[in-house]
Amino acid sequence: MSESSGNEDTPLESVGFDMDIGNGRTEIRVSGDRDTAVIVRSESGEKIYLPPEDFDREAQPGGGAYDSPYEPRSGAQESPYSTHPDASSVTGMEPTAGGYFIVHPEPITDIRFLR
């Protein structure tokens, strides 16, 4: 069975997600169609993560959300311009080459995925 957008000439792009809850937070990896939204509920209430602003543009391979042109290429010494945050303190949504990545700052109790 295939999904359809109501117009038989335009099938929906496939989409999937993977979720990990642990260490007091939730990580959600969405792959495929980026024209989606995720609604989560946790102890502090409901949070809506909308699609990336440029969801209709192909994601650019390579650079990550926290890559900086000021990072040293050799790795021989630290750069004073280092922009890589502590991974455990990052929350929110970041586009990836194949979809997007969400970090919610607490364990979720309910999730809704909208296309």
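Out of everything in region 26-54 that is in contact with a Pro (Cβ under 7 Å, 6 or more places away or on another chain) and not β-branched (Val, Ile, Thr), what residue ends up being farthest from Thr96 (Cα to Cα)? If you could, list the steps in order and put the result at the bottom.
We begin by selecting, within region 26-54, every residue in contact with a Pro (Cβ under 7 Å, 6 or more places away or on another chain); these are 26, 34-37, 42, 52.
Checking which are not β-branched (Val, Ile, Thr) leaves us with 34-35, 37, 42, 52.
Working: Arg34: 10, Asp35: 13, Ala37: 15, Ser42: 24, Pro52: 10 Å.
Among them, the one singled out is Ser42.
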### Message
Quick check on my filter: what residues within region 36-66 are polar (S, T, N, Q) and modelled with pLDDT under 90?
### Response
Thr36, Gln60
### Task
Scan region 14-54 for residues that are buried (at least 17 other Cβ atoms within 10 Å of the Cβ) and among the basic types (Lys, Arg) and report the count.
3
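The values are calculated or read from the model by the stated rules, or taken from the named source; none is laboratory data. Note that the coordinates shown come from a computational prediction; the quantities given were computed from them, not determined experimentally. Methodologically, a virtual Cβ is constructed for each residue, glycine included, from the backbone with ideal geometry; neighbour enumeration extends over all protein chains shown.
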